[in-house]
């Protein structure tokens, strides 16, 4: 495709647990978003039979709660792997404590978002630093959704797990207001999805590192230094 | 009369309920029947009836003072309509109600003296029932009784109270006068008083039987009932209106009334889409119901407005499933804000793509092949 010859190397970036997390997370988020939206705005799917003959709204809620558990399980895998995994998966890549990392956030912002020339474009092999920052926000919003969601669920569940979260109510006036925050936070994921898909496509087109396929097979194609 | 002089006999010798009933000519049978009633109202299991009987035979009736601050007296109205046990019995005979602005015969200085006598004579023994919130703005001047602020009165009375019951949403969470912007800084009792057992009995008003049941529990056992995290008696506030609602099967089946006038509303479908707050409201309405068990809002075709939940006035409009979002104006729901954010994100992405395309054209094909490298 390119006219220049590039000397390339294959780098194993995304280990299996990271990829597993990614797809479990993506799947459960989409299911949670759709079923959650339906809980908030149920469509008028009417029939003339008595209520005891159908249960679709109950099933919709059941799927929402089930997906929530999968979502939590996926995050537990990912959190474990942020201590056990390779350098790209480490917590230190996401929770940016080093000055260089913030420098990279700035460079990535200038080159990729504002598309200004003259900055070093050799970003990290794994996530670039700006992406890491966005994943940190994703993680925090996800944490809030887990806390608020299971708190709301606790009132209707006999299980011990949702009961672990009831302390969250101390910070909210009522369940109705907590429900509001739970609802509006869902839209963050919709916005995230748009940015995420677009920017991956943008990088894949421009850099040709096999970014799309990397989340399936784990490998990126990088230039030799 | 000042506190140094001997107090009247009524205040000096406190009878037990049994003694008091006997002196009024009631039989043992009457007494036992009442005990059964009271136990049922307080949610006490049948096996523990003997405890109730024993307590009411041996424990003197606690003196009670009942305050009214920023409120509409709907709690009192509800209370005097509780039917099981007959409230007339509770208020006028079974508890020794020494002070209440609404129902007492005394007025003015006499009333204030009665309050003072009770508080000094029965230090640490009287029950303090509070209806209404307490304004704290501007030194508390927005609610004054007998020339003193509610804040002053409540602080003084609470000091020597055995326990405090906060009647209704006003006293438990501030209700309408604490709704944004809360001009008088209306404050619920539990945020003013600390170090005393406080029972919150929210609702606008609370159900009469729930109020009576709470009092009965205090009378019977002399200690506060089991409370939830928000200080409400678990016997009445541990279940959601939604989970006890007779329309619940319609919710699970996805059968919703779309408007109050449609065929679905007539069929008695779930009122969720018309703003029913049953799913986030903890109360006994669907179980105990109102006015001798006649009905409750949902049974009468109107959604629950969540009147026993803190901040329910700020989670309106009452007839919208999604309340308007705080800080974004009246008509903004979580979804309208979310959709705007999604549209803005899409526009941002489109602008970025267009700009990238322009840059590529300007830089020429060669540069583009190099890409980001």
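Exactly one residue out of B:232, B:240, B:248 is within 12 Å of the chain's Cα centre (by Cα) and in contact (Cβ under 8 Å) with a residue 12 or more places away in the chain, and it is B:232.
Within region B:187-206, the residues that satisfy the criterion of being in contact with a strand residue (DSSP E or B) (Cβ under 9 Å, 6 or more places away or on another chain), in a loop (DSSP other than H, G, I, E, B) and away from every other protein chain (no Cβ under 14 Å) are B:192, B:193, B:196, B:197, B:205, B:206.
Screening residue B:90 against (1) buried (at least 17 other Cβ atoms within 10 Å of the Cβ); (2) within 22 Å of the chain's Cα centre (by Cα); (3) at pLDDT below 95; (4) not in a helix (DSSP H, G or I) leaves a single unmet condition, (4).
Counting only helices (runs of 4 or more DSSP H) that sit wholly inside region A:78-195, those with at least 3 residues that are surrounded by 16 or more Cβ atoms within 10 Å (Cβ to Cβ) and more than 14 Å from every other protein chain (Cβ to nearest Cβ) are A:129-154. Restricted to helices (runs of 4 or more DSSP H) entirely inside region B:107-186, those with at least 2 residues that are more than 21 Å from the chain's Cα centre (by Cα) are B:108-121, B:150-159.
Could you tell me whether any residue of region A:199-208 is assigned to a loop (DSSP other than H, G, I, E, B), facing chain B (nearest Cβ under 8 Å) and touching a residue at least 60 places away in the same chain (Cβ under 8 Å)? Yes: region A:199-208 contains one or more residues that are assigned to a loop (DSSP other than H, G, I, E, B), facing chain B (nearest Cβ under 8 Å) and touching a residue at least 60 places away in the same chain (Cβ under 8 Å). Outside any helix (DSSP H, G or I), at pLDDT below 85, at the interface with chain A (Cβ under 8 Å from one of its Cβ atoms) and touching a helix residue (DSSP H, G or I) at 6+ places or on another chain (Cβ under 9 Å): does that describe residue B:309? When the stated conditions are applied, residue B:309 does not pass them.
Residues that are within 14 Å of chain A (Cβ to nearest Cβ), closer than 16 Å to residue B:244 by Cβ and under 20 Å from the mean Cα position of the chain (by Cα) within region B:272-306 comprise B:276, B:277, B:278, B:279, B:280, B:281, B:282, B:283, B:303, B:304, B:306, listed in sequence order. Here B:236, B:256 are screened, and the one residue that is at pLDDT 90 or above and within 14 Å of chain A (Cβ to nearest Cβ) is B:256. When both residues are 6+ apart or on different chains and their Cβ atoms are under 8 Å apart, which pairs have a first residue that lies in region B:75-91 and is farther than 18 Å from residue B:308 by Cα, and a second that is modelled with pLDDT under 70? Qualifying pairs under 8 Å: B:80/B:87; B:80/B:88; B:80/B:91; B:81/B:87. For region B:312-322: of the residues being assigned to a loop (DSSP other than H, G, I, E, B) and in contact (Cβ under 8 Å) with a residue 12 or more places away in the chain, which is farthest from residue B:250 (Cα to Cα)? Ranking the candidates gives B:317 first.
Among residues of region A:1-24 that are within 12 Å of chain B (Cβ to nearest Cβ) and under 14 Å from residue A:220 (Cα atoms), those with a beta-carbon under 6 Å from a residue that is in a strand (DSSP E or B) and modelled with pLDDT under 90 at least six positions away or on a different chain give the pairs A:8/A:221. Would you check which residues across region B:260-304 are out of contact with any strand residue (DSSP E or B) (no Cβ under 9 Å at 6 or more places or on another chain), touching a residue at least 60 places away in the same chain (Cβ under 8 Å), in a loop (DSSP other than H, G, I, E, B) and within 25 Å of residue B:177 (Cα to Cα) and list them? Correct list: B:284, B:304.
Tell me, please, whether a residue that is within 14 Å of chain A (Cβ to nearest Cβ), without any contact (Cβ under 8 Å) to a residue 60 or more places away in the chain and closer than 24 Å to residue B:55 by Cβ can be found in region B:174-185. No, because not a single residue in region B:174-185 is within 14 Å of chain A (Cβ to nearest Cβ), without any contact (Cβ under 8 Å) to a residue 60 or more places away in the chain and closer than 24 Å to residue B:55 by Cβ. From the list B:222, B:231, the lone residue that is at positive phi, within 14 Å of chain A (Cβ to nearest Cβ) and touching a helix residue (DSSP H, G or I) at 6+ places or on another chain (Cβ under 9 Å) is B:231. What do you reckon, is residue B:265 at the interface with another protein chain (Cβ under 8 Å from one of its Cβ atoms) and either closer than 23 Å to residue A:38 by Cα or buried (at least 19 other Cβ atoms within 10 Å of the Cβ) (or both)? Spelling it out, it is not the case that residue B:265 is at the interface with another protein chain (Cβ under 8 Å from one of its Cβ atoms) and either closer than 23 Å to residue A:38 by Cα or buried (at least 19 other Cβ atoms within 10 Å of the Cβ) (or both). Yes or no: region B:207-223 includes at least one residue that is in a loop (DSSP other than H, G, I, E, B) and under 23 Å from residue A:167 (Cβ atoms). No, region B:207-223 contains no residue that is in a loop (DSSP other than H, G, I, E, B) and under 23 Å from residue A:167 (Cβ atoms).
The values are calculated or read from the model by the stated rules, or taken from the named source; none is laboratory data. The structure presented is a predicted model; accordingly, all values stated were derived computationally and were not measured. So basically every Cβ, Gly included, is an ideal-geometry build from the backbone, and we count neighbours across all protein chains shown.
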